[in-house]
Each structure stands twice: as C-alpha cells, then as structure tokens.
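The values are calculated or read from the model by the stated rules, or taken from the named source; none is laboratory data. The structure displayed is predicted, hence computed values, not measured ones. Using ideal geometry, Cβ is built from the backbone for each residue, glycine included, and neighbour counts are taken over all protein chains shown.
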Amino acid sequence: MEAEKQSSTQSLNVLGEPLQVCSCQPMTGWYRDGFCNTDESDIGQHTVCCVMTTSFLTYSKAQGNDLSTPMPEYGFPGLKQGVKWCLCASRWKQAYDDGIAPPVHLSATHIRTLEVIGIEPLLEHAHKEN
C-alpha cells in the first residue's frame, strides 16, 4: 500500500493533477522518458518543465550550465528558445531570484517542485498552455 501511495504522489503535478509529458523532442526528464519525474537519486530534482528562452539559456551558460551547446556523446542535442525541458528546481529558483526565470509548463511540473519553490512564483511564470 505504501508503494502505491508513493507512486500516485510521484505522478502528480503542482496543480494536484496527473503529471503530463514535458517533452519528447528533445527527450527530457531524469528518466529521459519525457516526464519531469524524480526519485531520491535525482539530486538536482529535475522537476520543473520550462519553456526555454534565449535569455535563460544565456544566463544558465554564464552560471556554468551550458544547455545550448549540443553534446552528441551524451545524446544531448542542445536546447533552443521555445523547447521544453525538465529543469532543476533549484536552478529555476536561482533564475527567478535573479529575474530571468523561464516560463513554466505547470501541468508537466512535478509536485515535488513545491518542496523548493512556492506555488506563487510558478503561477506568476505559468506558460500559456493550449
């Protein structure tokens, strides 16, 4: 029963609804399955589904996390403006604090994000979803 409870919690988004796919093109997520799911081994907590912006990609590179340069040896295509990606919750919060946070796809952002970021900043940066 405990495993069942944990599984259902892990599959919820920040709105308390079932977690939606973030991106399969490029394939994202801790498990590289398109979802911003997480587990205890995910130290960075890759739970925030973001829509990349040029300004955020430049910011991230300046912080030492180059997300725009392809690294084919790791199967990483490099990210461009408009692409969705599961970002570390702490990196998003840092970008938010610095005024450069990218928009958030709320339905694809894992509920455990709320352990690091309050719901208000996420709602404030919600991507207009269709």
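Couple of notes before you dig in:
- Here Leu122 fulfils each of the conditions (1) closer than 20 Å to Met27 by Cα; (2) buried (at least 19 other Cβ atoms within 10 Å of the Cβ) apart from (1).
- Condition broken by Ile43, with the remaining ones in (1) touching a Lys or Arg at 6+ places or on another chain (Cβ under 6 Å); (2) modelled with pLDDT under 95; (3) hydrophobic (A, V, I, L, M, F, W, C) satisfied: (1)
- Restricting segment 45-66 to residues that are assigned to a loop (DSSP other than H, G, I, E, B) and of a type outside the set (S, T, N, Q), the residue that is farthest from the chain's Cα centre (by Cα): Gly64
- Cβ pairs under 6 Å, 6+ apart, first in segment 24-47 and loosely packed, with under 14 Cβ neighbours inside 10 Å, second at pLDDT 95 or above: Cys24/Gly34
- Condition broken by Tyr31, with the remaining ones in (1) of a type outside the set (Gly, Ala, Ser); (2) part of a loop (DSSP other than H, G, I, E, B); (3) over 21 Å from Thr113 (Cα atoms) satisfied: (3)
- Selected residue [more than 23 Å from Ser11 (Cβ to Cβ), loosely packed, with under 14 Cβ neighbours inside 10 Å and modelled with pLDDT of 95 or more] from Gln94, Gln81: Gln81
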